[in-house]
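Take this structure, written in C-alpha coordinates, and hold onto it; I'll ask about it next.
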Amino acid sequence: MIAAFAAAALAGCGFTPVYAPGGVGERLYGQIRADAPDSRDGYELVAQFEDRLGRSSDAAPYILSYHIVTESEGLAITPDQETLRYQLIGVVRYRLTERATGKVLTSGQVDSFTSYSAIGTTVATRASENDARARLMVILADQIVARLTAGAGSWLP
(Lines give C-alpha, C1' and ligand atoms only; values in the text may rest on other atoms or scores of the structure.)
Protein backbone atom coordinates (compact mmCIF):
# COMPACT_ATOMS: atom_id res chain seq x y z
CA MET A 1 0.00 0.00 0.00
CA ILE A 2 2.76 2.44 0.93
CA ALA A 3 4.72 1.51 -2.20
CA ALA A 4 1.69 2.23 -4.39
CA PHE A 5 1.23 5.60 -2.72
CA ALA A 6 4.93 6.45 -3.17
CA ALA A 7 4.82 5.45 -6.85
CA ALA A 8 1.73 7.57 -7.42
CA ALA A 9 3.33 10.55 -5.68
CA LEU A 10 6.50 10.26 -7.77
CA ALA A 11 4.53 9.89 -10.99
CA GLY A 12 2.59 13.03 -10.12
CA CYS A 13 5.73 15.11 -9.67
CA GLY A 14 7.17 14.18 -13.07
CA PHE A 15 9.87 11.87 -11.68
CA THR A 16 11.48 9.77 -14.41
CA PRO A 17 14.22 7.26 -13.63
CA VAL A 18 17.47 8.34 -15.28
CA TYR A 19 18.42 4.85 -16.44
CA ALA A 20 14.94 3.72 -17.49
CA PRO A 21 14.34 2.91 -21.16
CA GLY A 22 14.24 6.24 -22.96
CA GLY A 23 15.59 8.06 -19.90
CA VAL A 24 18.38 10.61 -19.86
CA GLY A 25 21.02 8.01 -18.96
CA GLU A 26 20.15 5.90 -21.97
CA ARG A 27 20.12 8.93 -24.27
CA LEU A 28 23.54 10.07 -23.03
CA TYR A 29 25.15 6.63 -23.20
CA GLY A 30 28.10 6.78 -25.59
CA GLN A 31 27.38 10.40 -26.56
CA ILE A 32 30.04 12.22 -24.50
CA ARG A 33 33.72 12.11 -25.42
CA ALA A 34 35.98 12.93 -22.46
CA ASP A 35 39.29 14.65 -23.16
CA ALA A 36 42.19 12.22 -23.35
CA PRO A 37 43.79 11.77 -19.93
CA ASP A 38 47.27 13.16 -19.36
CA SER A 39 47.91 11.63 -15.93
CA ARG A 40 47.07 8.54 -13.92
CA ASP A 41 44.36 10.51 -12.09
CA GLY A 42 42.90 11.53 -15.45
CA TYR A 43 42.99 7.94 -16.64
CA GLU A 44 41.11 6.74 -13.54
CA LEU A 45 38.54 9.55 -13.88
CA VAL A 46 37.89 8.91 -17.57
CA ALA A 47 37.77 5.12 -17.07
CA GLN A 48 35.02 5.49 -14.45
CA PHE A 49 33.19 8.10 -16.52
CA GLU A 50 33.19 5.76 -19.54
CA ASP A 51 32.14 2.86 -17.34
CA ARG A 52 29.07 4.83 -16.29
CA LEU A 53 28.15 6.59 -19.55
CA GLY A 54 29.82 4.41 -22.16
CA ARG A 55 32.84 4.91 -24.34
CA SER A 56 32.11 7.17 -27.28
CA SER A 57 33.53 7.56 -30.74
CA ASP A 58 35.65 10.53 -31.76
CA ALA A 59 32.55 11.98 -33.44
CA ALA A 60 30.45 12.08 -30.26
CA PRO A 61 28.12 15.11 -30.17
CA TYR A 62 29.38 16.27 -26.75
CA ILE A 63 32.88 16.86 -25.37
CA LEU A 64 33.75 16.76 -21.67
CA SER A 65 36.76 18.84 -20.68
CA TYR A 66 38.09 18.59 -17.14
CA HIS A 67 40.87 19.81 -14.88
CA ILE A 68 41.89 17.78 -11.82
CA VAL A 69 43.61 19.23 -8.76
CA THR A 70 44.61 17.06 -5.81
CA GLU A 71 46.24 17.91 -2.52
CA SER A 72 47.51 15.69 0.26
CA GLU A 73 47.33 16.73 3.93
CA GLY A 74 48.77 14.97 6.96
CA LEU A 75 46.08 13.96 9.44
CA ALA A 76 47.55 11.80 12.19
CA ILE A 77 50.89 13.25 13.25
CA THR A 78 52.80 11.78 16.19
CA PRO A 79 54.68 13.89 18.76
CA ASP A 80 57.83 12.91 16.83
CA GLN A 81 56.36 14.61 13.72
CA GLU A 82 55.77 11.31 11.93
CA THR A 83 52.64 11.37 9.75
CA LEU A 84 50.61 8.16 10.07
CA ARG A 85 47.60 9.06 7.93
CA TYR A 86 46.98 11.36 5.00
CA GLN A 87 43.86 12.91 3.56
CA LEU A 88 43.74 13.25 -0.22
CA ILE A 89 41.49 16.08 -1.41
CA GLY A 90 40.41 16.28 -5.04
CA VAL A 91 38.65 18.93 -7.10
CA VAL A 92 37.57 18.56 -10.72
CA ARG A 93 36.35 21.49 -12.77
CA TYR A 94 34.47 20.29 -15.84
CA ARG A 95 32.79 21.71 -18.92
CA LEU A 96 30.47 19.98 -21.37
CA THR A 97 30.56 21.44 -24.88
CA GLU A 98 28.43 20.70 -27.92
CA ARG A 99 30.84 19.60 -30.65
CA ALA A 100 28.88 21.08 -33.58
CA THR A 101 28.52 24.59 -32.20
CA GLY A 102 31.20 24.88 -29.52
CA LYS A 103 28.48 26.04 -27.13
CA VAL A 104 29.10 25.28 -23.45
CA LEU A 105 26.06 23.35 -22.29
CA THR A 106 26.99 23.02 -18.64
CA SER A 107 29.98 23.39 -16.38
CA GLY A 108 30.75 23.00 -12.74
CA GLN A 109 33.01 21.71 -10.06
CA VAL A 110 32.95 18.59 -7.92
CA ASP A 111 35.09 17.79 -4.91
CA SER A 112 35.62 15.03 -2.41
CA PHE A 113 38.28 13.35 -0.32
CA THR A 114 39.69 9.99 0.70
CA SER A 115 42.40 9.04 3.12
CA TYR A 116 45.12 6.46 3.40
CA SER A 117 47.46 5.01 5.97
CA ALA A 118 51.18 5.73 6.01
CA ILE A 119 52.01 2.98 8.49
CA GLY A 120 54.41 0.35 7.22
CA THR A 121 56.97 0.32 4.46
CA THR A 122 57.43 2.95 1.79
CA VAL A 123 56.03 0.51 -0.76
CA ALA A 124 52.92 -0.13 1.36
CA THR A 125 52.36 3.59 1.84
CA ARG A 126 52.73 4.23 -1.89
CA ALA A 127 50.26 1.42 -2.66
CA SER A 128 47.80 2.91 -0.16
CA GLU A 129 48.16 6.33 -1.77
CA ASN A 130 47.62 4.92 -5.28
CA ASP A 131 44.49 3.11 -4.07
CA ALA A 132 43.19 6.28 -2.41
CA ARG A 133 43.77 8.25 -5.64
CA ALA A 134 41.88 5.65 -7.69
CA ARG A 135 38.98 5.69 -5.19
CA LEU A 136 38.90 9.49 -5.25
CA MET A 137 38.72 9.60 -9.05
CA VAL A 138 35.81 7.11 -8.99
CA ILE A 139 33.96 9.34 -6.52
CA LEU A 140 34.60 12.47 -8.58
CA ALA A 141 33.62 10.82 -11.89
CA ASP A 142 30.40 9.54 -10.32
CA GLN A 143 29.60 13.07 -9.12
CA ILE A 144 30.15 14.46 -12.62
CA VAL A 145 27.90 11.78 -14.13
CA ALA A 146 25.22 12.50 -11.53
CA ARG A 147 25.30 16.22 -12.31
CA LEU A 148 25.25 15.68 -16.06
CA THR A 149 22.33 13.25 -15.93
CA ALA A 150 20.41 15.42 -13.46
CA GLY A 151 20.74 18.53 -15.61
CA ALA A 152 20.63 16.98 -19.08
CA GLY A 153 16.92 17.65 -19.46
CA SER A 154 17.69 21.34 -19.96
CA TRP A 155 20.15 20.83 -22.85
CA LEU A 156 19.46 17.44 -24.44
CA PRO A 157 17.38 17.67 -27.61
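The values are calculated or read from the model by the stated rules, or taken from the named source; none is laboratory data. Model, not experiment: these values are computed from the prediction. Glycine also receives a Cβ, built like all others from the backbone with ideal geometry; neighbour counts cover every protein chain displayed. Ligands, DNA and RNA are excluded from the accessible area calculation, which covers all protein heavy atoms including side chains. Shrake-Rupley method; radii C 1.70, N 1.55, O 1.52, S 1.80 Å.
Scan around Ser112 for amide H atoms under 5 Å from its own, H built in the peptide plane at 1.01 Å from N, and keep only partners 5 or more places away or cross-chain.
Hits under the 5 Å cutoff: Gly90.
Could you report the chain's accessible area per residue, 1.4 Å probe, as an integer in Å²? List each step's numbers first, then the result.
Details: 9270 Å² over 157 residues.
That works out to 59 Å² for each residue.
Related question: Can you check what the net charge comes to around Tyr94, using other residues whose Cβ is under 10 Å from the Cβ of Tyr94 (Lys, Arg +1; Asp, Glu -1)? Walk me through the numbers before you get to the answer.
Working: positive: Arg93, Arg95, Arg147; negative: Asp35.
Around Tyr94, the charge tally is +2.
Given all pairs of different Cα atoms, what value in angstroms does the Kirkwood hydrodynamic radius of segment 30-110 take?
Values: mean 1/r = 0.0687 Å⁻¹.
It works out to 14.6 Å.
How do Tyr43, Tyr116 stack up against each other in accessible area, from largest to smallest, with a 1.4 angstrom probe? Let's see the in-between values first.
Details: Tyr43 135, Tyr116 15 Å².
Reading off the accessible areas and sorting them downward yields Tyr43, Tyr116.
Lys/Arg Cβ at +1, Asp/Glu Cβ at -1, dipole of segment 85-156 taken about the Cα centre: which of Gln109, Ala146, Asn130 is farthest positive-ward?
Gln109
Next up: What number comes out for the charge environment of Gly74, summing +1 per Lys or Arg and -1 per Asp or Glu over other residues with Cβ under 10 Å away? Show your work: numbers first, answer last.
Working: positive: Arg85; negative: Glu73, Glu82.
Result for the local shell: -1.
Quick one: P(r) of segment 22-157 from all Cα-Cα pairs, 5 Å bins, percents rounded to integers, in order of increasing distance.
2, 10, 19, 20, 16, 11, 8, 6, 5, 3, 1, 0, 0
Compare the Cα positions of Ala118, Ala47, Gln81 along the charge dipole of the chain (+1 at Cβ of Lys, Arg; -1 at Cβ of Asp, Glu; about the Cα centre) and return the one farthest towards the positive end.
The residue sitting most towards the positive pole is Ala47.
At a 1.4 Å probe, what is the % contribution of carbon and sulfur to the accessible area of segment 1-140? Write down the numbers at each step before the final one.
Details: 4680 of 8490 Å².
The C+S portion of the solvent-accessible surface of segment 1-140 is 55 percent.
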